[in-house]
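Visitor: One structure is given below, represented as structure tokens, and several questions about it will come after.
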């Protein structure tokens with residue numbers, strides 16, 4: 001499966017996948033009936049929101065709610081929602097595969 005382009009201006013996919021690096025704040029995006037957070041997203045500095053896939057790498061970001069993060073991953077657009085599969089992440093606290101924020105390559 002190849003990486004394909006995403007038309008951000010139109011708000012719809014040209015095709016299904018795009019590699020991307022985003023930077024923003026981790027926010028809650030879903031709760032269970034008891035009010036526990038069960039899903040998270042990244043609110044970017046350009047006011048975009050990417051829902052984080054809840055796989056092994058994505059779930060590692062759950063402790064960083066309200067923290068600044070930089071994520072390298074693959075987005076897909078489904079049912080009007082942007083989802084990102086995390087490949088790498090860094091936080092200001094230096095957690096994740098590479099310490100510190102800026103530079104994911």
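Visitor: Cβ-Cβ distance below 7 Å, separation of 6 or more or different chains: which pairs start in the range 40-66 with a residue that is at negative phi and end on one that is assigned to a helix (DSSP H, G or I)?
Guide: These pairs meet every condition: 40/62; 52/58.
Visitor: State which residue pairs qualify: first residue modelled with pLDDT under 80 and inside the range 8-31, second residue part of a loop (DSSP other than H, G, I, E, B) and exposed (fewer than 12 other Cβ atoms within 10 Å of the Cβ) in any location, beta carbons under 6 Å apart, and separation of 6 or more residues or different chains.
Guide: Listed pairs, sorted by first residue: 14/5.
Visitor: Considering each of 96, 58, 73, 35 in turn, give the residue that is at pLDDT 90 or above, out of contact with any helix residue (DSSP H, G or I) (no Cβ under 6 Å at 6 or more places or on another chain), surrounded by 14 or more Cβ atoms within 10 Å (Cβ to Cβ) and not in a strand (DSSP E or B).
Guide: After applying the criteria, what remains is 58.
The values are calculated or read from the model by the stated rules, or taken from the named source; none is laboratory data. It should be emphasised that the depicted structure is a prediction, and the values quoted were computed from it without experimental measurement. Positions of Cβ are generated from backbone atoms using ideal geometry, with glycine treated the same way; all protein chains shown enter the neighbour counts.
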